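This report concerns only the one structure given below.
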Amino acid sequence: MEELFRGRVKKLIAQYEQSGKSTVLFFLGFSAWQSRIIMSLECALRVEEPWFDEEGYLEIGVIERTAKQMALSLSCNTGVAVGLYEHLIKLKDILPIMYEGRIVTVVNNMFSKEHRYPCCSSPEGIEVLRHYLEEPDGDIAENAELLSNYYAGVKNVSGEYLIAPMQYRDDLNYEEILFFDEADLGDTCLASRFRMVSTLAASVDFIKYRLELSSGNASSACFLVEKSALDKPEAMRELLVVISLLNELGVQYEVILEEPFSEKQPSGDNLLPMLRRYWGDGARYRDLLFYRNPDTSTELINISQGAIAEQIVEEVVKATTTEDPFQNMFITAPTGAGKSLLFQLPAIYLAEKMGLVTLVVEPTKALMNDQVYALRDRGVRCAAALNSDISYAERLDITERIKAGDASIIYLSPELLLSNNISDLLGGRRLGLVVVDEAHTVSLWGKDFRSDYWFLGDYLSKLRNSGMRFPIMCLTATAVYGGVDDVVFETIEELELGAPKLFIGSVRRDDIAFNINVLNKAEYSGPIDMVKTELASDRIEEYIRSGGHVLMYCPFRSHVNGIHDSFSSRGSNLDSGKVMKFHAGLDSDYRKAAERRFKDGSCRLMICTKAYGMGVDVDDITDIYHFAPTGNLADYIQEIGRGGRRRDVSAVATIDFFHMDSRYYAQLYSMSSLRLKQLREIMKKLFQIYNKSRPRKQNFLVSPDSFTYLFGEGSEAVNKTKSALMMIARDLESKYGFPVVIVRSKPSYTKNYVCIPDSVVDEFSSKYGKYAKRVYQASRGKTLALHNGSKKGRPITARSVGDTFEVDMARIWEDDFSDKTFAAFKRDFFEGEIMKGRDGLSPSMRQRLEIRYGEDFDIVVKKFNGYMKAIEAVFGSFRQKGREFSAKEFKRSFLDRLEEQNPFGDFTEQILAAFVKDVSGTCRRSTIRVLAKRQGRESPDPRYVVQDKAYINIQKKFERLLNRCEPFGESRSYVTYLSSDKVTKEEFELATLLELFGLATYEARGGKEPEIFIRLNDPSKVQALANDPRYRNSELDRLNLRHHNAKNIITSFFTKDMDDGSRWDLIEKYFIGDDDYVAEVLGLDNSEGKMKTVSGPAKKAKKTGGNAKEVSVSNEGTSLKNMPYSEIWKYVAADCEYEWEERLLLSISDLTANGSFEKPNYGAEITIPSEDSTIACSLMWPKSKVLLFLEEDIDAYERAVGSEWNCHLASQELDVGAFVDAIRMA
């Protein structure tokens, strides 16, 4: 083996020597054994110290100390030199200056960037690095920071380490070549080594086998490969490299091609006694239908529930009792197929026979409670749910039951799992299985409104990285297998499942019929929402009279309430008590009663959002009515799949569909969507936090409150912050091939800022002083100055409570209260159970807020006052006119009043959010919150109205507040410690606006929300991209594309005339990723992965004839007739989010520089009476009847297309010449 490897390296060197050019080869991703061979060659880089320690591992310290020697040696080199990639990392800044030769990186292609490389540094050092990359607190071990300059990520695979080296190809523009050859799949000799078997032989752990090869140990092997992989050579590259090497070595091997489900399935007999004990003496396994190979056909096979349940038990046994490799499992099966039994039965077995804990991650409390109650009804006592519905005492009781072994099947949310230490949850028990139920939520909800689902994979990977071995079992009814709406493979990637056992179930439910009525708004008078509400109420009367059991789904809570009120107010002789409603905004007791009554049948019709549905165990539902689509086609199929679960019950899926109903989907997405400008701003903020730290720290914690200026407050803002951070991290890793940014959701184990009352400060100091540092000393009189020595700030009269300390709560808990869970300790600490003064006061949480001004304070005050005066004037103007306004209209009016360029960039909505009144009732009345905000019916863009005359005090209010926050001394920073109750924090309102106007940055630390761990492996890349107007985020682009496709597919599904059989054919093809079939049947253009309507954005402009929808101008907007065309395009460019949009407008500006063209109106609106639809556009040419929409307004464009106006979308496909001709005056 050594001879072969050495010979291959020498051969490579000889090839470059023949070129006659000065060249240095750096070897990336090779083991210590391979690296020693490379560096033993005559042409290897030489310094005075040995490169390797006594155990044969690379000494990074030697590289650090000898950088100049290496650089000088290379600058004199005229031939070929070799080194390791670690040498290149150290020389990256010097090499371009001192070395004129060719730089080549030789990559170990037996491994990949995605799955990491072997490491030539010592395992002890890499373990220290792994801990350092995952934990921001605690002492920094020797060499951890040093190693972090070379390796950006570490993965522990059965005690072996794989690393992600820092990558600098974009910086150095070096050549990259692959070291090993790949075997040719077409080679007949190779084909003879492949064979099909019905019973699988034992296969090797492929990662461990490659690591053994990399250490010079080659042994005979048996490799297990799915037969379908032969059609995907890219998926077999690493295996083909290994095969090529084994062929050269003459080592025996065999490749077993596994046919899907070729292996004899277990019978399930081992679990049958347990099934009958809890499910009844006559209980039997159901046979489920799965696709044999969904990549190639729709052929189905029967597999029993017992076979799957027994297989997952076998995988748990492998993971917990052996060192053998084990597989995860991913199962899709239609709603009502009995998926819960597939994990409940194994979980019971693992609890009773092996004493193992099963964690079941569920998305809703209703799902958790339903399953726990159902198991208890069957006599299963070891199941419990941890959620916010239980009392603190009940939670402690469950924790004790887990520890005692009485509770072993634990249902919980991803948020609770991620916010707790796993040892707290397990109570010293061993984890056997993790179940992710409704697994589609990982990739769908995780990127929209449940960010902790996105963090779940990293959390589980971290547990495995720490040495825990357990399989993961995923189940769902709505996961699309491949195609533009793929969920299966994306979830597998997000949860790092590797190559799981796949069971892709048939989605066909031919027992569900469709009753799809496509209606024309022109035939109905009144607003569309009123029309649809009346239609829904009519349907309710029909359903109640017929005695059906009905689910009625609506996109929004307002629809649920409106329909329920409408029906209740009709005064019909029908029993209105048979109709109930359900959504997350209703009282908990009402929701529980509604659930109970719907299940027992006393409630015959439930009007609900999608909050009611997943896991609903009602088997006699006869009808599912949709007020409008609540999501994509997969969501729709899951929702209608709740009908007809009992064999003697069939169901009908009904919808009264208007073409403009797709706007509800657009609104649903816009409420949770992120913007590229927000991602850029977050990257800027991360770099600022890193850059201001002294010494600079690449590991740090951020509070979601540091981003309230982008996302507001509350749980939705926290979710958006986490999702945005993950989008950045995933995108940069995809771009550069290593984790440029590491993001981890931390449990609440971080240091806290705590106000210690004077009455207990002595007790606290004596007991816990060694864990605390005083950071703020309150005044001892009756006035409490919060301005750090400001001369201008007016003191606030308040009672002094005590000093503020930075307290290491985790260490106090570990040393003195480890018999409790950390959550229990923290609760007791802040509720006075651990210490309380005679005055009744106990320690309370504080939040640190630091505002860093970008200029001298006097300049900041002058600018800020000017901005506030302008806002007052704009609000006054709109209030006097008594009209609503959009964010764009506010922006224009504001900028017209300034004699400078736009100070807040694209953050108009965020500026307005600072002045919007709170409607939740949780915040105190604020004298600056003078706006009411509503979501438009016709557009996802919100509208605003000035409701309070207190707007006239905005400038004075903020002037006083700003002077109170004057920086201390010569510093440009103001620091304060605030009550954790955000409703009293005027400073946050100020900090938000200062940041948005570019006058300051702020950072929040501590508080109630768990902080997020950030590591910037390469801060310079983060800074560069944050300031690059060309930056696009691939994750955001993919998410936007998914929603675009989903809207067009669901709209076409309802408007296409098909019989029921054809619809189920289409649904089946959609779920197995056959996009071409779906596009052809629905009449969509499926090019470049984008499902476009042929009459929609695939057309650059559309002129229509006699059937065109009539249009009236409802808002003429602002006339730009006095503005030259060059200025008009600059004016519109201020609304652009992307650099290419600005370039597009510049090209139009060039074409309109000469000639006669009609001048447009800005921000106009048209109404299509037949649809009761109002549409806003960017520019309108009234005489030419031309509308122009920016790409961000693509939904409005699609609704306008088909009208009597000529509509153009300012996309990269715009026919600029045709557009210019359309506005040219004859």
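Throughout, read-outs are computed from the coordinates displayed, never taken from laboratory work. None of these values were measured; they are calculated from a predicted model. Every residue, glycine among them, receives a Cβ derived from its backbone with ideal geometry; neighbour counts consider all protein chains shown.
Amide H contacts under 5 Å for Ala1000: Gly854, Glu995, restricted to partners 5 or more places along the chain or on a different chain, H placed in the peptide plane at 1.01 Å from N. Listed by Cβ neighbour count within 10 Å, with the fewest neighbours leading, His659, His87 appear as His659, His87. Rounded to the nearest 20, the size of the Cβ-charge dipole of the chain about its Cα centre is 3820 debye, with Lys and Arg at +1 and Asp and Glu at -1. Cβ-to-Cβ counts within 10 Å put His1043, His1208 in ascending order as His1043, His1208, the fewest first.
Each of Val718, Gly250, Ser423 was scored by the projection of its Cα onto the charge dipole of the chain, and the greatest displacement toward the positive side belongs to Val718; charges sit on the C-beta of Lys, Arg, Asp and Glu. Less than 5 angstrom separates the built amide H of Leu288 from those of Ile303, Ser304, Gln305, all sequence-distant by 5 or more or on a different chain. Label separation (Thr321 vs Asp617): 3.0 nm, computed from points 7 Å beyond Cα along the C-beta direction. For the pair segment 80-159 / segment 464-493, the C-alpha centres are spaced 29 Å from each other.
Extension gain for Leu519-Lys599 works out to 25.5 nm (0.36 nm per residue, less the C-alpha to C-alpha distance). Extension gain for the segment Ile94 to Asn1154, taken as residue separation times 0.36 nm less the Cα-Cα distance, is 376.4 nm to one decimal.
Given R0 = 60 Å, the distance between the Cβ atoms of Ala584 and Glu254 translates into a calculated FRET efficiency of 0.60.
Using C-alpha pairs under 8 Å with a sequence gap of at least 6, the mean separation divided by the residue count of segment 483-590 gives a relative contact order of 19 percent.
Here each label is just a point 7 Å from Cα along the line to Cβ, and for Ser19 and Tyr373 those points are 7.1 nm apart. What helices does the chain hold that run 20 Å or longer along their axis, going by alpha-carbon atoms, with a Kyte-Doolittle average of 0.0 or more, using DSSP H for the helix calls? Qualifying helices, which must be both long enough and hydrophobic enough, are 305-321, 339-354, 857-881. Shape analysis of the chain yields a ratio of the Cα radius of gyration to the Kirkwood radius, Rg/Rh, of 0.96.
Label zone of Glu142 (point 7 Å out along Cα→Cβ, amide N under 20 Å): in segment 60-100 this covers 60-66. Under the convention that each Lys and Arg Cβ holds +1 and each Asp and Glu Cβ holds -1, the size of the dipole of segment 1095-1226 around its Cα centre is about 640 debye.
Packing-wise, with mean Cβ within 10 Å as the measure, how do 61-69, 805-813, 42-50, 448-456 rank, highest first?
Final packing ranking: 448-456, 805-813, 61-69, 42-50.
Distance from the Cα centroid of segment 1129-1184 to that of segment 973-1048 is 31 Å (rounded to whole angstrom).
The spacing between segment 349-387 and segment 42-62, judged by their C-alpha centroids, is 55 Å. Averaging the sequence gap over all C-alpha pairs within less than 8 Å and six or more residues apart, then dividing by the number of residues, gives the chain a relative contact order of 9 percent. Averaging the sequence gap over all C-alpha pairs within less than 8 Å and six or more residues apart, then dividing by the number of residues, gives segment 852-1006 a relative contact order of 33 percent. On full extension, the segment bounded by Arg646 and Glu493 gains 51.5 nm, given 0.36 nm per residue less the C-alpha separation.
Positive end of the dipole of segment 503-562, charges at C-beta (+1 Lys, Arg; -1 Asp, Glu), about the Cα centre: which of Ala536, Ser546, Ala513 has its Cα farthest in that direction? The listed residue farthest towards the positive side: Ala513.
Comparing Val761, Ala594, Tyr853 along the charge dipole axis of the chain, the residue lying farthest to the positive side is Val761, per the Cβ-charge model.
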